[in-house]
Amino acid sequence: MSPFLTRTSIMLLHCLLLVGALLSLAVPLLVAQETCPSTGLPGMPGIPGLPGRDGRDGEKGEKGEPGQQWRGGLGSQKGLMGEQGPTGPPGKRGQLGELGAPGTPGDVGYPGDPGEPGTVGAQQQAAFSVARGTGDFPEKFSIIRFTKVITNINNVYNTATGRFRCQVSGMYYFEFHASLEERLAVLMKLDNQLLIPFSDHRRRRQVTSGGLAVYLSAGQEVWLETKDYRGMTGKHNGYSIFSGFLLHPY
């Protein structure tokens, strides 16, 4: 038998013994009341009985009426809008958006002012013709200087040095015509390199000439130079001329 049942049995036994003792005291009093016509004193209150069992669940009641709207101060309430705060620092640059549709073409503008005269055509020109301006013969083994300018576009020929200096790269043609009173030997040179020699060993008054085409780069120089024979004159009745011009730029 379990300890719980044992304790319960003991408690019931005590209760029965107590009830029996009370009955043994109450029975003589009841007998006396019936035999004696006189009224006796009230008896002592009985001992409370044991607790009864729980009753059955009642039926579900009807739904009540809706309550009134809550107007109390408790709980979170939406406050009034505050003042605008200060502007914050610029944020990071966002991603590039999609390309928009082309806009409507604008109106045609007014014609602009005329431009300055161009220089391309002038820069592409090169030509000179110079004459020997003295009746003296040039020195031996020296550059022949032609001091009388007939044509000198863009100053390509230097009368002080007797040299043509190329400003526009391209194909050039050079020639000379000389009035002679003595024998003549002429060298046409390009930057100290011999292009071609011209010689006339006849000892009488005459005219001789020569020429050639050559490719030049900008900055190169061409001139005529004497050897041991130098019979070139520049009198008024007979000129000695050195000429050159650009055939085609490159």
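The values are calculated or read from the model by the stated rules, or taken from the named source; none is laboratory data. Keep in mind that this is a model prediction, so the values were computed, not measured. Counting neighbours? That spans all protein chains shown, and the Cβs are built from the backbone with ideal geometry, glycine included.
Below are the figures for this structure:
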{"read-out": "Complete set of residues in the stretch 132-169 that are in a strand (DSSP E or B) and buried (at least 17 other Cβ atoms within 10 Å of the Cβ)", "value": "Y157, R163, F164, R165"}
{"read-out": "Counted residues, the stretch 42-98 - those being charged (D, E, K, R), at pLDDT below 75 and either in contact with a Phe, Trp or Tyr (Cβ under 9 Å, 6 or more places away or on another chain) or closer than 30 Å to L22 by Cα (or both)", "value": "0"}
{"read-out": "Evaluation of T119 against (1) modelled with pLDDT of 95 or more; (2) under 20 Å from H248 (Cβ atoms) (one fails), failing number", "value": "(1)"}
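Yes/no per residue for (1) surrounded by 13 or more Cβ atoms within 10 Å (Cβ to Cβ); (2) at pLDDT 90 or above; (3) in contact with a Leu (Cβ under 7 Å, 6 or more places away or on another chain):
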position	(1), (2), (3)
Y173	yes, yes, yes
N192	no, yes, no
F198	yes, no, no
A213	no, yes, yes
